[in-house]
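Here the structure is laid out as structure tokens; the discussion comes afterwards.
The values are calculated or read from the model by the stated rules, or taken from the named source; none is laboratory data. Remember, it's a predicted structure, so these values are computed and weren't measured experimentally. Here Cβ is always computed from backbone atoms with ideal geometry, including for glycine, and neighbour counts include all displayed protein chains. The accessibility values were calculated without ligands, DNA or RNA, using every heavy atom of the protein model including side chains. Shrake-Rupley method; radii C 1.70, N 1.55, O 1.52, S 1.80 Å.
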Amino acid sequence: MTTNTLSNREARLAFWMLAPTFFIVFLIVIFPMIWNVWLSFKPVGLADLRGASLWRFNLTLDNFLKVFQDPEFVTVFLTTIFYAVGGSLLSIFLGLIAALLVNREFPARNVVRGLFISPYIAPVVAVTFTWGFILDPQLGVINWAGMEHGLWSSPIPFLSQRWFEVSLFGVAFKLPLALTSVILFDGWRYFPFAFLFILARLQAVPEELYQASAVDGAGPIGRFYHITLPQLGTVLANLFLFRFIWTFNKFDDIFLLTSGQSGTKVLTIKVYDYAFGEFNIGASSAVAMVLFVSLAVFLIFYFRWIVRETQSLL
Amino acid sequence: MNRERLENLIVDFLRIAGLVFFIVAVAFPFYWMLVSSFKSLEELLMQPGNLWIDLKHISFNAYIEVLFDHGFSRYILNSAYVSLATVILSVALATVGGYAVTRLHFRGQRFMSAGILLIYMFPAIVLVIPLYVIFAKMGLRDSIHVLILVYLAQTLPVALYMLRSYFLTLPAEMEYAGLIDGCSRFGVIWRIILPLSAPALASVALYTFMIAWNEFLFAFMFLDTPENFTLSRGVIQLAQSVHLSKQLVMAASVMVTVPIMVLFLVFERFLVQGLTAGATKG
Amino acid sequence: MIRQRTFIALVILVGLFTFTSTALAKNSVTFWTTESEKDRMETQRAIARDFTKKTGIEVQIVPVQENMLAEKVTAAFAAKSLPDVIFHPMEYTIGWLEAGVLDGAAATQVIDDLGKDTFGAGPLNLARAGQGYAAVPADGWGQLLLYRKDLFEKQNLPAPDTWDKILKAAETLHNKPLIWGIEVATDPGQVFTQQVFEHVALSNGVRLVDKSGQVNLNTPQMVAALEFYKKLAAFTPPGNLHWLHTRMDYLSGRAAMVIWSPFILDELSGLRDDQPVIPDIKAKKRGTLAHETGFVTVIQGPDGQAQYGQISYLGITRDADKAAAQKWVAYLLSDGYLKWLSMAPEGKWPLRKGTAASPAAFIDGWKNLEFGKDIRAKISEYYGPETVKILLGGVDRFDRWGFAAGKGALVSKIYGTKVIPEILKRMLDGEISPAEAAKLMDERVKALDK
């Protein structure tokens, strides 16, 4: 019985080839996750950061109590969901339109395709500060243009006002202004992601399908509805999944645009606020756990729903 | 004019209008960033609506000030160092790891690809606070080398996944030929896999560079001393300073954006290929 | 493989280097300062050089941006690598003492050595902790309401030192968009908004803590203060305004009144080329606007009167080399004091009045300090001895929420989370009424206190 078989050697080699990656990912991702769970059950204030108090078994549910009893917890949670759903849907919708626009051949198509990806690859600090500047009530070009052309009479603080009275078709309602602005920004910044994937899928659709339907007398709208959309089904579902998860977890964009003010406070901002506004690391970890668990629950429901849908189709 | 021709006409019109709208919406902020960086503060305050630059009054002062008075010449070096180090290490580790997952047989191999992507779903903010506490206690916080470690952790899973997808498309016979000839596995990687994988490697390199260069959250939380700042950290330092000057922030933003845009333009094809590697499989 | 080893070696090396470099810093003082601008750094280094000449102790001056101070101290505290001395705003002082960041005994010793009576009573009181003090008062300022004397005179308006007078003046002079009646802070993300609002609230006797020692913000005085602030905000441009905008507007002649810290005095004087003062440019004379500006320190509301004071302290940390740290702090408050204040005398008022030998040495010395950037002038000459008297008169009566009542740590959280400006903005936007806002502020602050 040889232990040095080819398969054993291979396994060992695979182990060593993957070891550095495992080690780094464990150190930076797995270990802090576990550590976060630990911290969420302990009282950790500024004074506890020093010395051995972090290792003691003084576990408590106080952090979670504080988080759930926080007067703004429900608002923050709902805002997070609204932001994640709105941002995802918008970016996918825009990505779909952009992909349809670019699908056909036209001059400088490659340039346009390259241009469309810029919002996604540009550094987050650059785009957020630029948009903040463009939307500024006093110094921004959009407010200046709006007032110059008589669209509105006093500057609209897009990123700093919570509610905005709007009347559409005679119905007046309150628009959550800052939150809407942030969702619009999200759509602008992340539509290239959806755009690329949808475009790739569109270009893989066999031309014959379109030709066949043209013979059948279907116009462009009919073609879109009956051929293109079904082909995109999986891509769109996957895109929504990814975008929802990533938007749910987003911190940078909102932090840089509004610092979570004026109705844009999401769970990730709460994590930061507890840690560096109140110096309560325990509560901060607890909110992070709530964030993570909510996402996990969503994923479970989503996959169950997907499985049920695909089973019903079979 | 039958219905189909009318529909086609409307669709064509919408297509052109749509393209124009998208092009303007995408390009305008970048245009504005660029133009504002060449104006003086008075101009920005007095004429917020001026869409053009007066070529006679074009001013490079913002760039000079940002580079020399606000330390950005140092930040550029730091960002370049961090990004390049991350790229080199990430490509190396992902190539080796991706090969292992593709070609070698071991327990748990099938679990790999799902596991890798699962890790990618963890929110960064959940990791930041514990890492902050641990690194602070170890005194390792204010260091760009720690940043490299963090960026590796963020890019390795996806890099590994991308390379694995690509490696699966490579015929295994060439490697077997090499192995029979007496090459070690590493020799096979070096001599056969790497040359064949140039496009995928370029994708991974570009993707990793983008993540490392653009990264904000960890740079913001971990770096204290201006000497260690990356560009992202430097821009927010500038934006939060007491004497706010928009043209400086715009100039700094241009400086962060241009390198990644240029890289992207040059290697665009590879990035697109890499990102959509799995998409066409439905 | 080789690359990995190099990398791991690098990480270890970096760790070792960080460790040894902090361990090797003996007989030197590490000084963290929020005065991070280039010219102020130069001044501090000059003071340090003189100190080294006198005592042989090296001083390392480390600049820290004020909004990053809390994070940096938190991290250093966790790593047991705090600096020796920290110059910081009072929001953190008590909280840090309670968490074990600061060494109150060391600070108390310095105050005793220098002489308790040489300090202003107010600033010392606000840092009281047990039998001693948490840190040593360094400098500070009282918030001002600036108003256009010339416009007031034209309309026969009296100086705006009561609520009624302020409101009447704002109404009379308001003529948007040419000139706004009064510009108050409305940005919910800025500490400045808290400062301006607290100034107004304090003037109506609003306190954080009631007579029984409980936190109570839901009082009729608070509701009245919120209503008053809302009325003032009607005369302020829309959007999120903070110090940048209100200063800009006053200096452009677009505001009749503004509440600001005295740091505005150097820009107001027209002595800075990077801050154009429009009325000066129009009149072709520097100092036009400055001479047409009147100052109100203490505002009187229906139920009280007060002036918001901001004090910065020098704290000695628990990781410090005590003797060296104490020597540096004592030096900064004696031989180096006038030079320290000279960094920005308009906003750095002397909180140590003098020495035992000459009890008014620093106050007199301060009056002769020059301010301004491109052109320098003395405060007493430029603004006149009357103004200086008004400015310095209120130092002993500087007021703040929570400090003298032992709630200093809660104050750090209030400032850190910006909960007051957030609720204030919602009220200003009409989302909640002043009564609801007072109740909400009370709830949220109580939640922070747990």
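General remarks:
- Whole-number D in µm²/s for the stretch B:2-61 (Stokes-Einstein; Kirkwood sum over Cα pairs; 10 °C, 1.306 mPa s): 111
- Å² per residue, accessible surface of the protein assembly as shown at 1.4 Å: 42
- Average beta carbon contacts from partner chains per residue of A:268-277, 10 Å cutoff: 5
- Spatial separation of Cα centroids for the stretch C:393-450 and the stretch C:48-104, in angstrom: 26
- Scaled radius of gyration (Cα, divided by 2.2 N^0.38 Å) that the stretch C:287-335 gives: 2.04
- Counted by Cβ distance under 13 Å from C:T193, the other residues give a net charge of -1, where Lys and Arg count +1 and Asp and Glu count -1.
- One quarter of the convex hull surface built on the alpha carbon atoms of chain C amounts to 24.8 nm², the projected area averaged over directions.
- Kyte-Doolittle mean at least -0.5, axial Cα span of 15 Å or more - DSSP H helices of chain B: B:3-37, B:72-103, B:109-120, B:124-138, B:144-168, B:198-214, B:246-275
- Anisotropy class of the stretch A:4-62 from Cα gyration tensor, a/c 1.5 cut: prolate
- Contact order for chain C, expressed relative to its length and based on alpha carbon pairs under 8 Å spaced 6+ residues apart, stands at 24 percent.
- Total buried accessible area between A and B, probe 1.4 Å, nearest 100: 8100 Å².
- Karplus-derived 3J(HN,Hα), 6.51/-1.76/1.60, for each residue of the stretch C:401-411, Hz, glycine and proline x: 5, x, 6, 5, 9, x, 10, x, 5, 4, 4
- Förster radius 25 Å - calculated FRET efficiency between C:N216 and C:L244, Cβ distance, rounded to 0.05: 0.15
- Rounded to the nearest 5, the antiparallel percentage of DSSP beta bridges internal to the protein assembly as shown is 75%.
- When the Cα gyration tensor is reduced to axis lengths a ≥ b ≥ c, the ratio a/c is 1.5 or higher for chain B, and with a/b not above b/c it is classed as oblate.
- Counting only other chain Cβ atoms within 10 Å of each residue's Cβ, the peptide B:16-25 averages 4.
- Taking chymotrypsin sites (Phe, Trp or Tyr not before Pro) as exposed when DSSP calls them loop and at most 16 other C-beta atoms lie within 10 angstrom, chain B has its longest site-free stretch at B:61-282.
- B:L51-C:E436 FRET efficiency (beta carbon distance; Förster radius 41 Å; 0.05 resolution): 0.40
- Rounded to 10°, Cα long-axis angle of helix C:38-55 versus longest principal axis of chain C: 40
- Degrees, to the nearest 10: C:220-233 long Cα axis against longest axis of chain C: 70
- Summing charges over all other residues whose Cβ lies under 13 Å from the Cβ of C:L440, with Lys and Arg as +1 and Asp and Glu as -1, gives -2.
- Whole-Hz Karplus values for the stretch C:146-163 come out as 9, 9, 7, 3, 5, 5, 5, 4, 4, 9, 6, 8, x, 4, x, 10, 10, 4 Hz, taken residue by residue from phi with 6.51 cos²θ - 1.76 cosθ + 1.60 and θ = phi - 60°; glycine and proline positions read x.
- Viscosity 0.692 mPa s, 37 °C: Kirkwood-radius Stokes-Einstein D of the protein assembly as shown over Cα pairs, µm²/s: 104
- Seen against the Cα atoms of chain C and their longest principal axis, helix C:434-448 is set at about 10 degrees.
- Note on C:K53 and A:R109: the model spin-label points, each 7 Å out from Cα along the C-beta direction, lie 7.6 nm apart.
- With helices as the sole contributors, chain A gives -22000 deg cm²/dmol at 222 nm; each DSSP H run of n ≥ 4 counts as -39500 (n - 2.57), and the sum is divided by every residue.
- Prolate/oblate/rounded call for chain A, Cα gyration tensor, a/c under 1.5 rounded: oblate
- Listed by chain and number, the lysines whose alpha-carbon sits under 20 Å from that of C:K80, ignoring those within fewer than 8 places in the same chain, are B:K137, C:K26, C:K72, C:K322.
- The stretch C:378-450: mean projected area of Cα convex hull, nm²: 7.6
- Taking trypsin sites (Lys or Arg not before Pro) across the stretch C:225-292, the ones in a DSSP loop with at most 14 further Cβ atoms lying within 10 angstrom of their Cβ are C:K284, C:K285.
- Bridges between two residues of chain C, per DSSP, are antiparallel at a rate of about 75%.
- Gain upon complete extension [A:F298, A:W152; 0.36 nm per residue less C-alpha separation]: 48.5 nm
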